[in-house]
Amino acid sequence: MTMADVPHTHNAAFKPDWAWLGIAAIPLALAVLAPEALWPTLGFAGGAIAHTGVFIVFAVLAVAYMKATGAENLLARAFEGREVRMIVLAALMGGLSPFCSCEVIPFIAALLAVGAPLSAVMAFWLASPLMDPAMFFITAGTLGTAFAVAKTLAAVGLGLFGGFAVKALSSSALFADPLKRAPVKSCGCSSSCGAEVPFSGKVVWRFWPEAERRAIFRATAIENILFLGKWLLLAYLIEALMLRYLPADLVAGWLGGTGVWPVVLGAVVGAPAYLNGYAAVPMVAGLLEQGMSQGAAMSFVLAGGVSCVPAAVAVWALVKPRVFAAYIGLAVLGSVAAGLAWGLAAG
């Protein structure tokens with residue numbers, strides 16, 4: 001695209017990038033209000049980025065490879081066959097797929113329009129925002145491989161729980177006529193959104209001989225390294241501030257210890273405190289250092305991931321409010337159950 005091809009949107013179309021603004025604002029605020037904390041905070045964030053750098057690069061290359069090969073088209077196979085099989089495959093694909101919630105809106109809308117069961121769609125919707133290849137490697141690098149594996153299993157489990165719950169209640173008024181009639185709009189997610197799937201059907205694992213696929217690999221890698229880089233840098237700056245200024249006894253008192261309450265509170269706090277799946281990882285690391293329990297950490301990342309704006313808007317765009325409420329309710333219940341299970345396993 002040349003400059004002549006760029007529409008003249010002027011200032012009306014300008015949208016500030018809040019992540020970069022936050023990255024700039026934190027050092028400036030520290031320089032004015034707490035200059036003694038400026039360099040320790042920057043050093044902490046820089047060291048954390050360096051520590052997770054290899055995981056970031058590997059994750060970016062993995063996602064770019066899947067995009068360039070067209071492997072994301074395998075998703076369609078999760079919605080074929082018997083309903084039970086569809087639920088299981090949809091939960092598995094949702095927990096492993098590399099694209100954001102916005103990209104699947106047109107795909108899911110078409111499936112629902114032609115009669116794909118809401119149970120399988122719900123399984124995919126619940127699992128999809130919680131884990132992908134990039135998130136797995138970043139989580140493993142920061143919180144440990146065991147936590148990353150447990151979160152992946154929890155994502156699939158949450159999808160299965162939601163899918164079979166909807167199947168069991170499919171004849172009830174709650175899930176009758178679930179679709180809205182309004183046109184679907186973009187959810188405004190920050191990464192790779194609104195893009196159509198470039199290749200239909202065929203998956204080409206050796207993509208590099210084709211110029212178009214090489215271009216997609218390059219563009220996806222650049223886009224995701226910038227996206228992950230800015231959000232992780234912001235999150236590490238916030239983590240440094242949390243470790244410095246958030247009282248450890250407060251975190252330990254509310255989110256530490258054993259029992260149901262810290263896990264439930266972790267799920268409740270997860271929704272408003274969640275930035276996105278990548279930024280949440282350093283935040284959770286900081287909270288764990290301050291005394292957050294393992295179970296509360298798991299419920300935080302699960303409930304927050306499902307209820308974050310891009311994931312929630314993707315559901316809200318297509319279904320009626322009662323179905324959306326069921327989506328949130330299933331997410332919270334499943335997140336609390338997974339948090340309790342992980343708390344027992346990690347304890």
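For the reader, a short list of remarks on this structure follows.
- Considering ALA127, ALA120, the condition of being small (Gly, Ala, Ser), more than 22 Å from ALA279 (Cβ to Cβ), modelled with pLDDT of 75 or more and buried (at least 21 other Cβ atoms within 10 Å of the Cβ) is satisfied by ALA120 alone.
- Residue match in region 283-290 (condition: closer than 16 Å to LEU158 by Cα and in a helix (DSSP H, G or I)): no
- Set ALA37, ALA45: member being closer than 28 Å to ASN224 by Cα and either part of a helix (DSSP H, G or I) or touching a strand residue (DSSP E or B) at 6+ places or on another chain (Cβ under 8 Å) (or both): ALA45
- Close pairs (7 angstrom Cβ cut-off, 6 or more residues apart or separate chains): closer than 20 Å to VAL263 by Cα in region 322-335, modelled with pLDDT of 95 or more and aromatic (Phe, Trp, Tyr) anywhere: LEU330/PHE161; GLY334/PHE161
- Meets criteria (of a type outside the set (Val, Ile, Thr), within 30 Å of LEU233 (Cα to Cα), at pLDDT 80 or above and touching a Leu at 6+ places or on another chain (Cβ under 9 Å)) for PHE44: yes
- The criterion of being in contact (Cβ under 8 Å) with a residue 12 or more places away in the chain, within 18 Å of PHE137 (Cα to Cα) and of a type outside the set (S, T, N, Q) does not hold for GLY304.
- Qualifying residue in region 230-242 (condition: within 19 Å of TRP20 (Cβ to Cβ), part of a helix (DSSP H, G or I), modelled with pLDDT under 85 and small (Gly, Ala, Ser)): yes
- Leading residue by the ranking (farthest from ALA90 (Cα to Cα)) among those in region 32-74 that are aromatic (Phe, Trp, Tyr) and touching a helix residue (DSSP H, G or I) at 6+ places or on another chain (Cβ under 6 Å): PHE44
- Residues that are over 13 Å from LEU130 (Cβ atoms), among the β-branched types (Val, Ile, Thr) and surrounded by 21 or more Cβ atoms within 10 Å (Cβ to Cβ), drawn from region 283-310: VAL284
- Single condition VAL313 does not satisfy, out of (1) surrounded by fewer than 22 Cβ atoms within 10 Å (Cβ to Cβ); (2) without any contact (Cβ under 8 Å) to a residue 60 or more places away in the chain: (2)
- Subset tally (residues that are buried (at least 24 other Cβ atoms within 10 Å of the Cβ) and either touching a Phe, Trp or Tyr at 6+ places or on another chain (Cβ under 9 Å) or among the basic types (Lys, Arg) (or both)) for region 143-157: 2
- Test: residue in region 204-211 that is more than 30 Å from ALA317 (Cβ to Cβ) and at pLDDT below 85: yes
- For region 243-271, the tally of residues that are closer than 21 Å to TRP342 by Cβ and part of a helix (DSSP H, G or I) stands at 17.
- Residue match in region 118-130 (condition: closer than 21 Å to ALA280 by Cβ, assigned to a loop (DSSP other than H, G, I, E, B) and of a type in the set (A, V, I, L, M, F, W, C)): yes
- Residue in region 252-259 that is closer than 23 Å to LEU158 by Cα and out of contact with any Pro (no Cβ under 8 Å at 6 or more places or on another chain) present: yes
- Qualifying residue in region 292-301 (condition: without any contact (Cβ under 8 Å) to a residue 60 or more places away in the chain and in a loop (DSSP other than H, G, I, E, B)): yes
The values are calculated or read from the model by the stated rules, or taken from the named source; none is laboratory data. Bear in mind that the values here come from a model prediction, so they are computed numbers and not experimental data. Counting neighbours? That spans all protein chains shown, and the Cβs are built from the backbone with ideal geometry, glycine included.
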